[in-house]
Amino acid sequence: MEKEHALEEMMGKLGDFGRYQAFQFCLHILAAMTAGLHMLSLVTVAAVPEHRCAIKGVDNMTFTEPWNSSLVAEAIPLNVHGKLDSCKIYSLNKTLEDCQSWVYNTQYYTSSRGIEWNFVCNQRWMGAIAQTAYMFGVVLGSFVLGRLWDSFGRKTVFVWAGVLQLLFGMSVAFSTDYYTFIAIRFIYGIFGSGSYIAGFVLTMELVGPSRRTICGVTFQIMFALGIMLLAAYGYLIDNRFYLQIVYALHAVVLLPHWFLMDESPRWLWAQNRARESVAIIEKALKMNGSTENIDTPVLISQCKVARAKYSDDSSSGTSNLFKTPNMLKKTLIISGCWFANSVVYYGLSLNTGKLNGNPYFITFLMGVVELPSYIIIMYCLDRIGHRALISTMMLLGGISCLVVVTLPHGSTSATGVVMVGKLFISGSYSIIYKYSAELFPTVVRSSGVGLGSMCASVSGALTPLISLLDTLNPKIPTLIFGFLALLSGFSTFFLPETIGRILPQSLEDGEKFGVGDTCFTNCSGRRISDVMEDIPETMVPLERIVKKS
C-alpha cells in the first residue's frame with residue numbers, strides 16, 4: 001500500500017532476522033511455553049485416577065482393600081471392558097446401586113482436585129466445567145485483550161497479562177470452594193493466552209517474510225514444550241497445591257520483559273508515534289551491526305501524512321466477511337477449520353488419562369509427538385503449499401481418530417494411533433494461523449483471524465463437554481473428533497492456495513482472490529493464470545480495524 005511505503009522501507013533496512021530480532025523473538029516465545037502450562041494444567045492438577053466404589057465397613061481413611069481381593073470382586077461388578085465398574089456396587093440384596101464414596105488408585109496420583117472433589121460418575125461434569133470455564137475465559141480474552149493490544153500496545157498487554165497470569169494462577173491453588181475455583185479459572189483463562197497472542201503478533205510484525213513461517217512454527221514448538229514441562233512437574237510434585245503454584249510461577253519469566261522487550265515499531269507508527277518507532281529501528285540497526293542510515297525528520301513527516309490517509313480509509317469489520325459469496329465461502333470454511341482443529345487437538349490432549357500407562361509419560365509424549373509435525377511444516381510448507389498440507393494433515397488426523405475406535409479399549413495400539421492423530425492435527429493447527437491471515441484482505445485481516453481464533457476458543461470450551469458423551473458410549477467423542485476433522489479437511493479443497501500470490505488488500509480484492517482456484521481445478525497450488533504473479537510478501541500492521549461497527 002502506498003501509504004505504508006515509508007514504513008516498509010524503514011523496516012526493510014533491518015533485514016529479515018538479525019541479532020536484534022533474534023533477541024526479541026526469544027523473549028516473545030517464552031509466552032508460548034507458559035500458555036501451554038496454563039491451558040492444560042488440569043490434566044495433572046485435577047486428574048482423576050482409576051477408581052472404584054468404597055465398600056462400606058471395609059474401606060476407610062486408613063485402610064483400603066486390595067483391588068484384586070475376592071471381597072472387592074464380590075462387591076463390585078465388571079464393566080464392558082472387563083474392569084471393575086467405577087460407579088456401581090452391589091447392595092446387600094445383590095442389586096446394583098450408585099456409589100456414594102470412592103477409592104482411588106494412588107499409583108500415580110495421591111493429590112488432585114479430581115480426588116478432592118470427586119470428579120467421577122454423576123459428578124464428572126464438575127471437571128469438564130472447570131476446563132470449559134478456562135476456555136470461555138480465553139474467548140472473552142480474545143475480545144477484551146484484542147482491543148487493548150491495539151489501544152495500549154502489544155508490549156503493555158503482554159506484560160500485564162503475565163502479571164495477572166501469576167496472580168490468578170496462584171489464586172486457583174488457594175481456592176477451597178468449587179464455585180470459587182470455577183470463577184477464578186474463568187478469569188485465569190482471560191489472561192492465560194494474552195501474552196502468547198501478543199508475543200506472536202509482535203514477532204510477525206518484527207521479522208521479515210522469509211522467517212515468519214519458521215518463527216510462527218517455533219511458537220507452536222514452545223507450546224508443546226509447555227506440555228512436556230507440565231508432565232515433568234506433575235511427575236516430580238505429587239501435591240496439587242504446590243503443583244499449581246509452580247505452574248503459576250512460570251509467569252514470572254515474562255515480567256522482566258517490561259525492561260527488555262520493545263514495543264512493535266509498526267504499532268507505534270500506526271499510532272502516529274513515529275519518533276519512538278524510528279528510535280527502536282535505530283537501536284535495532286545498531287544491534288544488528290548495520291550501517292544503514294535513517295532520516296528521522298523525513299520519516300516523522302511521512303508518518304503524519306500516512307496517518308491522515310489511514311484515518312480516511314473506509315471502515316471495514318467482521319460483518320464484511322459475510323457480505324459477498326466468495327468471502328462468505330472462505331470465511332465459513334476457514335472458521336470450520338479453526339473449530340475442528342481445536343476440538344480434536346484439545347480432545348486428544350485432555351483425554352490422556354483414559355489411555356493405559358503412566359499418565360505423566362503419555363502427557364509428555366503428547367508434547368513430543370508434536371515436534372516431528374512442526375519439522376515437516378517448516379520443510380514442506382513453502383514447497384507444497386498451505387492448502388495441500390493442511391487438508392492432508394486434517395484428513396490423516398481424522399482417519400486416525402476413526403481407527404482408534406476399532407481398536408481394543410486401552411490397548412497399546414490404540415495409544416499409538418492417538419499419538420499419530422495428535423501429530424497430524426498439531427501440524428494442521430500450526431498452519432492455520434498464517435493461512436488465515438493470507439486468505440483475508442488487509443482491511444479485514446485481523447477481523448478474519450480474530451473470528452477464526454474465537455471459533456477455536458469456543459470449540460476448546462465445548463471439548464470437555466463432548467468428552468462427557470463417553471458415558472453413553474466410549475467411542476462417541478472420538479468418532480465426533482474424527483468426523484469433524486474429515487469434514488473440515490475435505491472442505492479445505494475448496495480454498496485457494498496463497499503461496500506466492502499477491503495478497504488481497506481491499507474488499508474487492510478479497511472477493512476476487514482465489515475464484516476458480518480449488519484442489520479440483522489446481523491441486524498442485526501453482527498459478528492458474530498469468531495474472532497471478534509471484535511477489536515478495538509484504539507486511540502491514542496487524543491491527544483490528546474496527547472503526548465503525
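The values are calculated or read from the model by the stated rules, or taken from the named source; none is laboratory data. Bear in mind the structure is a predicted one, so any value in this text is a computation, not a measurement. Cβ coordinates were reconstructed from backbone atoms using ideal geometry, including for glycine residues, and neighbour counts include every protein chain displayed. In case anyone asks, the SASA skips ligands and DNA or RNA and just uses the protein heavy atoms, side chains included. Shrake-Rupley method; radii C 1.70, N 1.55, O 1.52, S 1.80 Å.
Once you list every other residue whose beta carbon is under 14 Å from the beta carbon of Trp117, what net charge do they have if Lys and Arg are +1 and Asp and Glu are -1?
Result for the neighbourhood of Trp117: +2.
Would you work out if the range 97-144 is rounded, prolate or oblate? Take a ≥ b ≥ c from the square roots of the eigenvalues of the alpha-carbon gyration tensor; rounded if a/c is under 1.5, else prolate when a/b is larger than b/c, oblate otherwise.
oblate
Could you sort Lys88, Lys155, Lys330 by accessible area so the largest value comes first, with the probe set to 1.4 Å?
In descending accessible area the options line up as Lys88, Lys155, Lys330.
Give the calculated FRET efficiency between Thr106 and Glu508 to the nearest 0.05, with a Förster radius of 51 Å applied to their Cβ-Cβ distance.
0.20
Any idea what angle helix 19-39 forms with the longest principal axis of the chain, computed on alpha-carbon atoms, 0 to 90 degrees, nearest 10?
With rounding to tens, the tilt is 30 degrees.
R0 = 22 Å: FRET efficiency of Leu71 with Cys121, Cβ-based, nearest 0.05?
0.55
Semi-axes of the equivalent ellipsoid of the range 334-492: what are they in whole Å, largest first, if each equals the square root of 5 times a C-alpha gyration tensor eigenvalue?
Rounded to whole Å, the semi-axes are 27, 17, 13.
Taking the Cα atoms only, what angle lies between the long axis of helix 445-467 and the longest principal axis of the chain, rounded to 10 degrees?
It works out to around 0 degrees.
Around Tyr247, with a cut-off of 14 angstrom between Cβ atoms, what is the net charge of the other residues, counting Lys and Arg +1 and Asp and Glu -1?
Taking every Cβ under 14 Å from that of Tyr247, the sum is +3.
Nearest 10 degrees, 0 to 90: what angle lies between the long axis of helix 178-192 and the longest principal axis of the chain (Cα atoms)?
That helix lies at roughly 30 degrees to the long axis.
Rounded to the nearest 10 Å², what accessible area does Leu423 show when all protein chains are kept and the probe is 1.4 Å?
Per-residue accessible area (Leu423): approximately 40 Å².
Heads up, I need the accessible area for Cys26: 1.4 angstrom probe, whole protein in place, Å², nearest 10.
Number for this one is 80 Å².
How do Ile76, Ile376, Ile466 rank by accessible surface area computed with a 1.4 Å probe, from largest to smallest?
Heavy-atom accessible area, descending, gives Ile376, Ile466, Ile76.
Using only the heavy atoms of the protein chains and a 1.4 Å probe, how would Leu140, Leu348, Leu96, Leu236 rank by accessible area, largest first?
Leu236, Leu96, Leu140, Leu348
Work out how much length Leu332 to Asp98 would gain on full extension: take 0.36 nm times their residue separation and subtract the Cα-Cα distance, in nm to one decimal.
Difference between extended and current length: 79.8 nm.
Does the range 349-426 come out rounded, prolate or oblate, given a ≥ b ≥ c as the square roots of the eigenvalues of its C-alpha gyration tensor, rounded meaning a/c under 1.5 and, failing that, prolate meaning a/b above b/c?
It is oblate, given that a/c is not under 1.5 and a/b is not larger than b/c.
Based on a Kirkwood Rh over C-alpha pairs, give the Stokes-Einstein translational diffusion coefficient of the range 12-142 at 4 °C and viscosity 1.567 mPa s in µm²/s.
This corresponds to a translational diffusion coefficient of 71 µm²/s.
Leaving ligands, DNA and RNA out of it, work out the accessible area of Arg147 with a 1.4 Å probe and give it in Å² to the nearest 10.
140 Å²
Normalise the Debye intensity by I(0) for the chain, one equal point scatterer per Cα, no solvent, then take log10 at q = 0.09 Å⁻¹ and round to two decimals.
For the chain, the Cα-only Debye profile gives -0.69.
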